[in-house]
Amino acid sequence: MRRLVVTGGCGFIGSHLVRHLLAAHPQAEVVNLDLLTYAGNPENLADCAGNPRYKFVRGDVADPAALDQTLEGGADAVLHLAAESHVDRSIHDPGPFLRTNVLGTETVLRAVLRHAVPKLVLVSTDEVYGSVPEPARAAEDAPLRPGNPYSASKAAGDLLALAHRNTHGTPVVITRGSNTYGPFQFPEKVLPLFLTNAEAGQSLPLYGDGGNVRDWMHVEDHARGIAAALERGRPGEVYNIGGGNERTNLEMTRAILRLLGKPESLVRLVPDRPGHDRRYAMDTAKARRDLGFEPRVPFEKGLEETARWYRENRAWWERVKTGAYRDYYEKQYGDRLRAAGPTAARR
Ligand code: NAD
Ligand code: DAU
């Protein structure tokens, strides 16, 4: 590979993917197109800034001119991760989700066609299948039943990509990843939110009864899964990339408290997220068989390393948790925490 373009590389998964690609393709230039929204943080790639094979372009994936400028030097592949990614924010205001995740994805698809890029990997999510009742697991051909504005916008992106493949032959491969955790994750997502709140001795606002189930995957495994789809994924195909670590939110919360030596009295059961999907669970046999992908990081080990990273990088998250973050926190949790009162989880 000579030139790889990543969108959303200043975000959580994108930054790990950029690092992975620079190491796995020692001849390739890796170009990162990112708008630097509230979630994009150049500090996430500070270690790559001096690398002559790494290039940053600030631009919007919904802007065809930004894509033309990025792709005019040619590209062997585009890995499209740029998105609005947080469910709670999509419930407050779906507008930016439709713009970036739907219109932006369509704009990337057209640019890939215009510039004859040989491969596009569209990074999607297990959320598009909606809540999956026990003991079922959603395979790639399961119906899409998104349950919130974020996942509806991601499902729309997936459907546009498959329609593009059908109509124009666009060489797009879709990955659907499960809940991802690790260093550099923005502390609006539950795991870094709870790790950083617990470090600071603040409440952990657990939604509903804490019984919702997510399948946790370490970010380095997710980056390897996306890279496997780049190398071995067949255009027009969808691959489920999962961590194989199903946990209830309460189990995950207790594991955090145990690791940090913090009391369970920090946990507050707060009013639920509206339309909260109960369980995500995917059948990942196809990625194992066709991509040779297996997650490697056991949850307990990954969680311990992640907790250590947040402890050792307090300056990173303290900077992130200022300014607009505080307004968001008050909007999302102010009333919830006041309504919850001092109730600890007792299940
Ligand atoms: P993130 O919110 O941490 O990062 C998103 C990045 O995209 C940021 O750097 C942001 O600046 C950039 N961006 C947003 N809008 C843009 C635009 N219009 N143009 C250019 N750049 C823009 O997200 P993440 O958690 O790293 O997720 C990355 C991708 O993986 C998303 O597509 C998400 O749907 C998908 N995904 C995430 C998870 C997860 O658990 N985090 C799981 C499965 C799939
Ligand atoms: O499953 C993949 C998806 O995982 C990705 O597509 C999304 O981009 C990513 O944000 C994530 O979505 P979730 O909604 O599952 O992640 P979140 O961290 O917001 O919530 C995880 C679980 O924790 C969910 O059941 C809601 C619960 N939760 C979340 C927050 C923020 C709480 O109980 N309290 C909280 O404060």
>> List the residue pairs whose Cβ atoms are under 6 Å apart, where the first residue sits in segment 57-70 and is within 19 Å of Leu45 (Cα to Cα) and in the same structural domain as Val117 (by TED's automatic domain parsing), the second is near ligand 1 (Cβ under 10 Å from one of its atoms) and open to solvent by 50 Å² or more (accessible area, probe 1.4 Å), and the two are 6 or more positions apart or on different chains.
In response: Asp60/Leu35
>> Any residue that is within 19 Å of Val6 (Cβ to Cβ), at pLDDT 95 or above and of a type in the set (A, V, I, L, M) - is there at least one of those in segment 125-137?
In response: no
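Take the residues of segment 23-45 that are of a type in the set (A, V, I, L, M, F, W, C) and more than 20 Å from the chain's Cα centre (by Cα): which is least open to solvent (accessible area, probe 1.4 Å)? Show your work before the answer.
We begin by selecting, within segment 23-45, every residue of a type in the set (A, V, I, L, M, F, W, C); these are 23-24, 28, 30-31, 33, 35-36, 39, 45.
From the residues that got through so far, the ones that are more than 20 Å from the chain's Cα centre (by Cα) too are 23-24, 28.
Numbers: Ala23: 81, Ala24: 51, Ala28: 0 Å².
Among them, the one singled out is Ala28.
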>> Just to be sure I understand, how many residues within segment 111-129 are open to solvent by 10 Å² or more (accessible area, probe 1.4 Å) and closer than 14 Å to Ala66 by Cβ?
In response: 2
> Can you name every residue in segment 60-77 that is out of contact with any Ser or Thr (no Cβ under 7 Å at 6 or more places or on another chain) and either open to solvent by less than 40 Å² (accessible area, probe 1.4 Å) or of a type in the set (Lys, Arg) (or both)?
Replying inline: Asp60, Ala66, Thr70, Leu71, Gly74, Ala75, Ala77
> What pairs come up if the first residue lies in segment 321-342 and is in the same structural domain as Leu195 (by TED's automatic domain parsing), the second is among the charged types (D, E, K, R) and assigned to a helix (DSSP H, G or I), and their beta carbons are under 9 Å apart, counting only those six or more places apart or on different chains?
Replying inline: Tyr328/Asp88; Tyr328/Arg89; Gln332/Asp88; Gln332/Arg89
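For every residue, the table says whether it meets (1) near ligand 2 (Cβ under 9 Å from one of its atoms); (2) over 21 Å from Asp272 (Cβ atoms); (3) hydrophobic (A, V, I, L, M, F, W, C); (4) part of a helix (DSSP H, G or I).
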site	(1), (2), (3), (4)
Phe184	no, yes, yes, no
Leu191	yes, no, yes, yes
Pro205	yes, no, no, no
Arg214	yes, no, no, no
Gly225	no, yes, no, yes
> Applying the selection to segment 286-303, what residues are touching a Lys or Arg at 6+ places or on another chain (Cβ under 9 Å) and of a type in the set (A, V, I, L, M)?
Replying inline: Leu291
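Against the condition among the charged types (D, E, K, R), touching a residue at least 60 places away in the same chain (Cβ under 8 Å) and away from ligand 1 (no atom under 14 Å from the Cβ), how does Glu84 come out, does it pass? So that I can check it myself, show each step before the final result.
Working: among the charged types (D, E, K, R): yes; touching a residue at least 60 places away in the same chain (Cβ under 8 Å): yes; away from ligand 1 (no atom under 14 Å from the Cβ): no.
Judged against the criteria, Glu84 is not a match.
Being surrounded by 17 or more Cβ atoms within 10 Å (Cβ to Cβ), near ligand 1 (Cβ under 10 Å from one of its atoms) and hydrophobic (A, V, I, L, M, F, W, C) narrows it down to one residue among Val108, Val132; which is it?
Details: Val132 fails: near ligand 1 (Cβ under 10 Å from one of its atoms).
None of the other options fit; the residue is Val108.
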>> Given the criteria closer than 23 Å to Trp309 by Cα, within 14 Å of the chain's Cα centre (by Cα) and buried (at least 22 other Cβ atoms within 10 Å of the Cβ), does Thr180 qualify?
In response: yes
> Inside segment 135-162, can you point out the residues that are open to solvent by less than 50 Å² (accessible area, probe 1.4 Å) and in a helix (DSSP H, G or I)?
Replying inline: Pro149, Tyr150, Ser151, Ala152, Ser153, Lys154, Ala155, Ala156, Gly157, Asp158, Ala161
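The values are calculated or read from the model by the stated rules, or taken from the named source; none is laboratory data. Quick caveat, the model's predicted, so the values are computed rather than measured. For neighbour counting, all protein chains shown are included, and Cβ atoms are generated from backbone atoms with ideal geometry for every residue, glycine included. We work out accessible area using only protein heavy atoms, side chains counted, and drop any ligands, DNA or RNA first. Shrake-Rupley method; radii C 1.70, N 1.55, O 1.52, S 1.80 Å.
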